[in-house]
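Notes follow once the structure below has been shown.
Read-outs throughout are calculated quantities, based only on the coordinates presented, and are distinct from any laboratory measurement. Since this is a predicted model, take the numbers as computed values, not measurements. All Cβ positions, even for glycine, are placed from backbone atoms using ideal geometry, and neighbour counts span all protein chains on display.
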């Protein structure tokens with residue numbers, strides 16, 4: 001039997017070297033550790049309390065595998081009685097499974113396990129699937145690879161009066177503890193671990209004096225007996241034949257479990273480890289219990305906790321701070337200790353320099369000074385907050401905020417308060433302030449679309465896109481666009497982010513000409529920038545010498561359109577019975593610098609409708625410029641009669657009506673000019689020398 005022998009492990013701090021986490025093992029082999037994470041050894045602190053933080057753990061490190069388990073399971077006839085999990089036997093089996101799962105976990109202290117089943121007689125359980133009757137296996141072993149740990153598979157094969165795996169065994173189903181202890185001694189005798197624990201489960205009373213076999217159990221074997229079920233007891237009937245006697249004679253315990261359903265939850269406690277408390281001592285003084293522990297104690301292993309504790313106020317000098325963790329496992333209680341040292345001094349003196357000045361969005365050099373003759377290492381930090389004239393939400397950025405000599409860039413103008421903070425990791429922050437005054441910087445803008453000189457079709461919307469930047473990334477902006485055609489200046493739409501954005505606007509020109517479009521972007525402090533792009537508004541135009549529609553058709557010939565500019569000539573055109581035309585010419589020219597368009601067509605002579613109509617010296621002209629759209633035409637003679645430039649409609653009896661110098665206006669400012677337009681009685685139409693604009 002093993003008593004509760006304490007294990008003490010101490011961490012020694014010397015020469016200002018930080019002690020590392022201290023690891024140890026409890027008497028039962030469970031790992032226990034404690035770590036003082038802060039303050040580091042040799043840390044300089046101010047006068048007053050010092051906060052000590054760190055961690056402690058139990059069952060998470062490397063365990064000493066010096067414990068063996070033997071599972072003794074009652075398979076007498078009475079274990080067929082009911083239990084929440086089925087029967088008392090199945091509750092016993094579940095209890096073994098729960099305990100073995102703990103034994104099989106990583107960092108377990110259990111090196112080997114075995115099992116015994118008993119009734120009127122007892123038998124060791126074959127706990128491995130290999131050949132032969134195997135007394136021992138590792139708790140986690142699954143040699144046949146079926147997903148069930150071997151010892152659990154063997155125990156779970158137990159039935160009333162015997163066991164089925166891995167070697168079947170049977171015996172009468174009465175109850176006797178003596179052969180069970182004898183069989184368990186066979187198993188523990190084969191185990192090589194220093195500490196041996198026997199889990200002894202039974203649901204009733206037994207015959208036979210157990211004091212002889214129990215008294216002969218070796219000193220390194222503890223029996224933990226469990227009286228399972230409402231009809232059982234640790235000490236019922238004759239003491240010498242009781243579960244209590246087995247526990248007393250082997251240095252173990254007996255636990256009554258009236259409700260067998262609770263058995264699987266009670267049994268694992270025989271090998272559980274527990275982290276029970278943490279304590280702090282200063283300069284080897286009396287320990288003080290640590291209460292700020294997360295999660296709180298006690299904790300059943302494997303478990304890790306974090307702790308925080310404040311010392312009493314410390315005076316100048318060097319102090320040793322030690323934290324001790326205490327825990328227990330099946331073998332007893334033990335402790336482990338980690339220590340650190342601290343030293344005390346004075347706060348630094350801070351001089352920020354200044355006052356400083358510059359421009360928004362532009363780096364301004366800063367030069368601060370910190371004096372701290374007694375150390376230790378010093379941390380400094382610059383920051384800035386608005387003082388006056390600064391937009392809400394504006395910020396400053398430092399190129400090296402922890403350096404005394406650095407630069408600061410703020411995204412808005414106004415007066416800022418600069419703070420220089422020094423911290424020696426001991427005292428509260430030491431802060432000094434100065435001012436920074438910044439002036440506004442205007443934005444910059446360009447026009448990305450449309451390109452300079454872009455042709456814009458009259459009546460068609462044109463969008464202007466003007467990207468802009470602002471060195472002050474917090475400024476907001478508005479924009480206007482003057483489309484330079486006499487219309488009111490338009491307010492553009494601004495989409496912006498930090499330090500950049502885009503102004504957009506749309507416009508439809510109703511006239512023709514060149515326009516210098518002016519975009520102006522203004523920041524919220526009144527700074528502005530402009531950009532210009534030239535746009536040329538125009539109309540489409542066409543001219544042709546002859547065309548016909550109706551019963552007979554003639555495509556516009558020759559057909560000149562613009563843009564692009566074109567110039568076309570056809571020597572003659574003959575369509576039997578319809579037209580015979582000589583010297584046909586049409587041209588269309590767009591001046592891309594001014595938007596002016598000239599379109600015209602000429603015909604030297606024409607004979608229409610089999611000679612019923614004869615024409616000479618015919619021409620038409622269409623012009624679009626800044627003054628608007630205009631057109632004119634001229635007819636030399638019609639059937640030998642001089643015509644000139646005036647409009648008229650002349651009837652040819654029985655043949656057609658001839659319209660000369662006809663102007664046709666469309667609903668959206670379109671304009672067409674026809675020198676001659678013939679409409680026959682049958683609806684045939686012939687145009688000689690025509691032009692159109694704005695279609």
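Observations on the model:
- Residue order, fewest to most beta carbons within 10 Å, for 253, 561: 253, 561
- Relative protection proxy for 428-438, 153-163, from highest mean packing down: 153-163, 428-438 (other beta-carbon atoms within 10 angstrom).
- Taking the Cα atoms of the range 149-242, the ratio Rg/Rh between the radius of gyration and the Kirkwood radius comes to 0.96.
- Normalised Debye scattering of the range 90-174 at q = 0.12, 0.15, 0.16, 0.25 Å⁻¹ gives log10 I(q)/I(0) of -0.32, -0.50, -0.57, -1.26, counting only Cα atoms as equal scatterers and leaving out solvent.
- Angstrom value of the Kirkwood radius, inverse mean 1/r, which spans all Cα pairs in the range 501-561: 16.2
- Zero-based 10 Å bins, Cα pair distances in the range 444-538, whole percents: 18, 50, 24, 8, 0
- Helical runs assigned H by DSSP (4 residues or longer) give the chain a calculated mean residue ellipticity at 222 nm of -2000 deg cm²/dmol, each run adding -39500 (n - 2.57) before division by the residue total.
- Bridges between two residues of the range 67-270, per DSSP, are antiparallel at a rate of about 25%.
- Bridge type composition, the chain - antiparallel percent by DSSP, nearest 5: 85
- Applying 0.36 nm per residue to the separation of residue 524 and residue 572 and subtracting their alpha-carbon distance, the gain on full extension is 10.3 nm.
- When you count the other C-beta atoms within 10 angstrom of each residue and take the mean per peptide, 669-681, 381-393 line up highest first as 669-681, 381-393.
- Label of the coordinate-derived value, percent of Cα pairs over 43 Å apart, listed as [x] 40; [y] 22; [z] 64: [z]
- Modelled this way, with points 7 Å down the Cα-to-C-beta line, the labels at residue 265 and residue 650 are 12.0 nm from one another.
- Largest-first ellipsoid semi-axes for the range 558-640, taking √(5λ) over the Cα gyration tensor eigenvalues, angstrom: 29, 14, 8
- Burial ordering of 195, 596, 692, fewest other beta-carbon atoms within 10 Å first: 596, 692, 195
- Rg over Rh for the range 67-270 works out to 0.93, using Cα positions for both radii and the Kirkwood form for Rh.
- Mean Cβ neighbour count within 10 Å, used as a protection proxy, ranking 175-186, 343-354 highest first: 175-186, 343-354
- Sites residue 465 and residue 485 - FRET efficiency at Förster radius 30 Å, r taken between beta-carbons, to 0.05: 0.95
- Antiparallel content of DSSP bridges confined to the range 444-538, in %, to 5: 90
- Helix 177-190 axis, angle to the chain major axis (alpha carbon atoms, nearest 10°): 70
- The orientation-averaged projection of the convex hull spanning the C-alpha atoms of the range 542-695 amounts to 8.7 square nanometres.
- Rg in Å to one decimal, and Dmax rounded to a whole Å, for the range 386-448 via C-alpha atoms: 15.4, 57
- Ordered by the number of other Cβ atoms lying within 10 Å of each residue's own Cβ, fewest first, 71, 509, 538 fall into the sequence 509, 538, 71.
- In percent, rounded to a whole number, the relative contact order of the range 67-270 is 24, using alpha-carbon pairs under 8 Å and six or more apart.
- Residue 51 paired with residue 478, simple spin-label distance in nm, labels 7 Å along Cα-to-beta-carbon: 5.1
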